[in-house]
Amino acid sequence: MPGYTDTKTAHLRRLRRIEGQIRGLQRMVDNDEYCIDILTQVSAATRALQSVSLSLLDEHLKHCVSDAISAGGADAEVKIREASDAVARLVRS
């Protein structure tokens, strides 16, 4: 069971909102709106996605990683490596 199971509805709601922001960006470009206004909206959508990412990462650490560490064994090392790699990807983006 994923770590975000309890907050799945909230995540889906946030992602649908972000989807709407992206469609709005497409309309802005299609309507030849001012570049800075579009960039401002791109920044807002990026921050919204980062917020979802951080929330999912937090839930992954609290649930999946902590459960694997409690159980011990090779799975714990795999989960820690996965989490570390995910953090690295988020930092680079």
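Please treat every number below as a calculation from the coordinates, not as lab data. These numbers were taken from a predicted model, which means no experiment stands behind them. Ideal geometry is used to build each Cβ from the backbone, glycine not excepted, and the neighbour counts take in all protein chains shown.
Points worth noting:
- Exposure proxy order (Cβ contacts within 10 Å, fewest to most) of Tyr4, Tyr34: Tyr34, Tyr4
- Taking θ as phi - 60° and the Karplus parameters 6.51, -1.76 and 1.60, the scalar couplings of the range 30-45 work out to 4, 8, 6, 6, 4, 3, 5, 5, 5, 4, 4, 6, 4, 4, 5, 5 Hz in sequence order, x denoting glycine and proline.
- Note on Glu59, Glu77: ascending count of other Cβ atoms within 10 Å places them as Glu77, Glu59, the fewest first.
- Relative contact order for the range 5-92, counting Cα pairs under 8 Å that sit 6 or more residues apart, in percent: 24
- The stretch between Leu12 and Ser53, if pulled fully straight at 0.36 nm per residue, gains 13.5 nm over its current Cα-Cα span.
- Charge dipole of the chain (Cα centre as origin; +1 on each Lys and Arg Cβ, -1 on each Asp and Glu Cβ, all else neutral): 180 debye, rounded to the nearest 20.
- For the range 81-90, the Karplus equation 6.51 cos²θ - 1.76 cosθ + 1.60, evaluated at θ = phi - 60°, returns couplings of 4, 4, 5, 4, 5, 5, 4, 4, 5, 5 Hz by residue, with Gly and Pro reported as x.
- Taken over the Cα atoms of the range 5-92, the convex hull encloses 88 Å³ per residue.
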